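Peer 1: There's a structure below that I have some questions on.
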Amino acid sequence: MSWAPPTDPVNKKPLKVSQLCEICHCRKAVIKRPKNLQKVCKECFFYVFETEIHNTIVNNNLFQRGEKVAVGASGGKDSTVLCYLMKLLNERYDYGIDIYLLSIDEGIVGYRDDSLATVMRNQKQYGLPLEIFSFRDLYNWTMDEIVAVAGIRNSCTYCGVFRRQALDRGAQKLGINHVVTGHNADDMAETVLMNILRGDVARLEKSTAIVTSSGGSPIKRTKPFKYSYQKEIVLYAHYKKLDYFSTECTYAPEAFRGTARELMKNLEAVRPSCIIDIIRSGENLVLKEKEQRFAKKPATSSSSKPQFVDGNRCERCNYLSSNKICKACMLLEGLEKTRASVTIESDVSSHGAAKTLRNLEKLSF
Amino acid sequence: MVKVKVEFLGGLDVVVNKVRVHDINLMVDNATLRDLVNYICNDMITNPNDIEVFIEDESIRPGIITLINDTDWELEGEMEYELEDGDVISFTSTLHGG
């Protein structure tokens, strides 16, 4: 897909004092920062936006000198700005890190192929090495095939589980132990809200961490945009004329997340600081100790149950998993069953529902 | 009459036949941004179902960034802004996948 930069406006009007930037007091303010309602000009916006991300990186000790870092690049606005900024800040502040672009091809025709074309253009523009790993190579399934057998409703579940693992595996193959992703403040607040609304207490505590990694995993994930507003990321890309891809995925977005996002956007319109406020609430939330919460439960035959320890490995693929078999392998197993029945009994497709039911009966955990 | 350039960015072009940049002659005296938005809803958005992608409660839907000559519309009087010849108005969706 071709890309044309946004048009530069030509209308220049005389300025009123009240229109001036509140930082430099000499240029026209173009944005009102959602974080603190400060009016700033383009140049000051670039400076404060970049510096805040640098501060987030330094205060949280995200990078070690000499480290190899993979940027999860989808071609979308967040990851495009992330690639650009990682390169810029690494040069400006001399973090001494080697940056790689890491993309996952889920195999969604008309969506991911176009977005990967954007990543390839970015790779040339920024001169960074790029590696693409595909669902086809890693799992022998593409998302298009998965949706064909599993239906459109579950597409995000499969895609999410597989992509998370694919990023780790891709990084491991490149000998990289650190993946940075473009998750921004809006995403994080949205996740906190979703976990609260679902009562998912176990995830709630972890959902605001800037560095995440499963115990024993060699690969850590960090989110330098944790405190960056979506709006500012989009404006940064707009003013810098960065080339990003912005088409909605062909498959239905996760309904619950979509609703949570809408709620967040409406809240933001009334009170822009609420996004950061929700993250702060999430960060300061401390849950009671597990033993205490389950103290009243009668003791079960815990000796016969396998102990779920962080750092366990999946019996099939050797990927980290808290269960005997990891989520990706469980999903794959389900998919393989459907594929077999589809190919053998494609001529009796009218009995599909009954066949699925029989398959379901055979399922065991 | 006023002549402006309107851009639909960040994936929002789906509501206007996937054309990102439009040159528009608005046949209204002292036209404001509200007149432009009405024009977009009545004459540019082909599928009536797409209007709610763009508009919510008679204003631009939260999550769409409106820029008037690259300046956030909040700083320019929002819907009451009086259009001038040569203005560039851009609507950028932040709701589309990142």
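The values are calculated or read from the model by the stated rules, or taken from the named source; none is laboratory data. Bear in mind that the values here come from a model prediction, so they are computed numbers and not experimental data. As a convention, Cβ positions derive from the backbone with ideal geometry for all residues, glycine included, and neighbour counts pool all protein chains shown. Please note that ligands, DNA and RNA were not included when accessible areas were found on the heavy atoms of the full protein model with its side chains. Shrake-Rupley method; radii C 1.70, N 1.55, O 1.52, S 1.80 Å.
Peer 1: Checking A:F162 against (1) open to solvent by less than 50 Å² (accessible area, probe 1.4 Å); (2) out of contact with any strand residue (DSSP E or B) (no Cβ under 9 Å at 6 or more places or on another chain), which single condition isn't satisfied?
Peer 2: Looking at each condition in turn, A:F162 falls short on (2).
Peer 1: Return a yes/no flag: does region A:237-254 have any residue that is assigned to a loop (DSSP other than H, G, I, E, B) and over 30 Å from A:G170 (Cβ atoms).
Peer 2: No, region A:237-254 contains no residue that is assigned to a loop (DSSP other than H, G, I, E, B) and over 30 Å from A:G170 (Cβ atoms).
Peer 1: Among the candidates B:K18, B:K5, which residue alone is under 22 Å from A:Y251 (Cα atoms) and within 14 Å of chain A (Cβ to nearest Cβ)?
Peer 2: B:K18
Peer 1: Same structure, new question: Looking only at region B:59-72, count how many residues are open to solvent by less than 30 Å² (accessible area, probe 1.4 Å) and more than 7 Å from chain A (Cβ to nearest Cβ).
Peer 2: Count: 5.
Peer 1: As an exercise: evaluate A:I97 against (1) at negative phi; (2) within 14 Å of chain B (Cβ to nearest Cβ); (3) among the hydrophobic types (A, V, I, L, M, F, W, C) and give the number of the one condition it does not meet.
Peer 2: Evaluating A:I97 over (1) at negative phi; (2) within 14 Å of chain B (Cβ to nearest Cβ); (3) among the hydrophobic types (A, V, I, L, M, F, W, C) leaves (2) as the failure.
Peer 1: Mind checking whether some residue in region A:133-147 is polar (S, T, N, Q), over 19 Å from the mean Cα position of the chain (by Cα) and surrounded by fewer than 16 Cβ atoms within 10 Å (Cβ to Cβ)?
Peer 2: Yes - at least one qualifying residue is present in region A:133-147.
Peer 1: For B:C41, which of the numbered conditions (1) in contact with a helix residue (DSSP H, G or I) (Cβ under 8 Å, 6 or more places away or on another chain); (2) closer than 27 Å to A:K28 by Cα; (3) more than 11 Å from chain A (Cβ to nearest Cβ) fails to hold?
Peer 2: Status for B:C41: all satisfied but (2).
Peer 1: Pick from region A:77-91 the residues that are surrounded by 24 or more Cβ atoms within 10 Å (Cβ to Cβ) and under 22 Å from B:G11 (Cα atoms): which of them is farthest from the other protein chains (Cβ to nearest Cβ)?
Peer 2: Top of the filtered list is A:C83.
Peer 1: Here is a list: A:I210, A:I152, A:I176. Which entry is more than 14 Å from chain B (Cβ to nearest Cβ), in contact with a Gly (Cβ under 9 Å, 6 or more places away or on another chain) and surrounded by fewer than 22 Cβ atoms within 10 Å (Cβ to Cβ)?
Peer 2: Checking each option against the conditions leaves just A:I176.
Peer 1: Any chance you could count how many residues in region A:218-236 are open to solvent by less than 20 Å² (accessible area, probe 1.4 Å), over 12 Å from A:T181 (Cβ atoms) and hydroxyl-bearing (S, T, Y)?
Peer 2: 3
Peer 1: Out of curiosity, is A:G66 in contact (Cβ under 8 Å) with a residue 24 or more places away in the chain, open to solvent by less than 10 Å² (accessible area, probe 1.4 Å) and of a type outside the set (D, E, K, R)?
Peer 2: When the stated conditions are applied, A:G66 does not pass them.
Peer 1: Something else now. Among (1) over 24 Å from A:K68 (Cα atoms); (2) at pLDDT 85 or above, where does A:E205 come up short?
Peer 2: It is condition (2) that A:E205 fails.
Peer 1: When you look at A:Y239, is it within 14 Å of another protein chain (Cβ to nearest Cβ), surrounded by fewer than 22 Cβ atoms within 10 Å (Cβ to Cβ), in contact with a Lys or Arg (Cβ under 6 Å, 6 or more places away or on another chain) and not charged (D, E, K, R), yes or no?
Peer 2: yes
Peer 1: Further, regarding this structure: Identify, please: which residue in region B:1-18 is open to solvent by 60 Å² or more (accessible area, probe 1.4 Å) and not in a strand (DSSP E or B) and is, among those, nearest to B:T92 (Cα to Cα)?
Peer 2: Among residues in region B:1-18 that are open to solvent by 60 Å² or more (accessible area, probe 1.4 Å) and not in a strand (DSSP E or B), the one nearest to B:T92 (Cα to Cα) is B:V14.
Peer 1: Among the residues of region B:30-42, is there at least one that is out of contact with any Pro (no Cβ under 9 Å at 6 or more places or on another chain), surrounded by fewer than 19 Cβ atoms within 10 Å (Cβ to Cβ) and assigned to a loop (DSSP other than H, G, I, E, B)?
Peer 2: yes
Peer 1: (1) open to solvent by 40 Å² or more (accessible area, probe 1.4 Å); (2) within 14 Å of chain A (Cβ to nearest Cβ); (3) not in a strand (DSSP E or B): which one isn't true of B:D50, the others all being true?
Peer 2: (1)
Peer 1: For region A:11-63, which positions are among the acidic types (D, E) and open to solvent by less than 80 Å² (accessible area, probe 1.4 Å)?
Peer 2: A:E50, A:E52
Peer 1: State yes or no: is B:Y81 more than 11 Å from the chain's Cα centre (by Cα) and away from chain A (no Cβ under 11 Å)?
Peer 2: Yes, satisfied.
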